[in-house]
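To start, the structure under review is shown below, and the notes come after it.
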Amino acid sequence: MKRLVLFLAVLLVASFGGCTSNNNNDDLVDTITTGTWRVSYFIENNDEDTSLFYGYVFTFKTDGTVSVTRPNLPVAPGIWNEHDNDNRFELDFGQSGLLERLNEDWVVLEVDDNTVLLNEPGRPLNQCEFSRIY
């Protein structure tokens, strides 16, 4: 019985010790507002549609706006917001064609210096990844 209690205690400590924080929001804001970004991966309803976003350049500004450009074609601006309390990243481009597909209150899965990986809540196969251009 003592072995079982000791084993469970070790397992419990190891479980908590192995957890990493899911609060990427401080990193997210610092990261996303630096440089310009592109959609490097987009999948929705089992359709990988990354190529639809080829040439789109996203600039996320600290005031919560995002400007999007394409060569020789300005694209409607949007807004973004991060939600500290639940690790969310909201994008809204209104009724602006292709960019409407990015309108979502995304779950932040991963943030590093050059990549932001997002997931649509309740739809684990719907993902969007932004990669830094420069």
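Key figures
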item: Candidates Asn119, Asn126, filtered to the one that is part of a strand (DSSP E or B) and over 22 Å from Asp30 (Cβ atoms); result: Asn126
item: Those residues of the range 56-100 which are over 19 Å from Tyr134 (Cβ atoms) and among the basic types (Lys, Arg), in sequence order; result: Arg88
item: Tally of residues being touching a residue at least 24 places away in the same chain (Cβ under 8 Å) and out of contact with any Pro (no Cβ under 9 Å at 6 or more places or on another chain) across the range 79-102; result: 11
item: Of residues in the range 35-56 being assigned to a strand (DSSP E or B) and farther than 16 Å from Trp106 by Cβ, the one farthest from the chain's Cα centre (by Cα); result: Asp47
item: For Asp84: the one exception among (1) modelled with pLDDT of 90 or more; (2) under 17 Å from Thr62 (Cα atoms); result: (1)
item: Members of the range 79-104 that are of a type in the set (A, V, I, L, M, F, W, C) and part of a strand (DSSP E or B); result: Ile79, Trp80, Phe89, Leu91
item: Restricting the range 87-124 to residues that are among the polar types (S, T, N, Q) and over 21 Å from Leu52 (Cβ atoms), the residue that is modelled with the highest pLDDT; result: Asn114
item: Search result, residues across the range 60-78 that are touching a residue at least 12 places away in the same chain (Cβ under 8 Å), polar (S, T, N, Q) and either surrounded by 12 or more Cβ atoms within 10 Å (Cβ to Cβ) or part of a strand (DSSP E or B) (or both); result: Thr65, Thr69
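The values are calculated or read from the model by the stated rules, or taken from the named source; none is laboratory data. This is a predicted model, so every value here is computed, not measured. Here the Cβ is made from the backbone with ideal geometry for all residues, glycine too, and neighbour counts use every protein chain on show.
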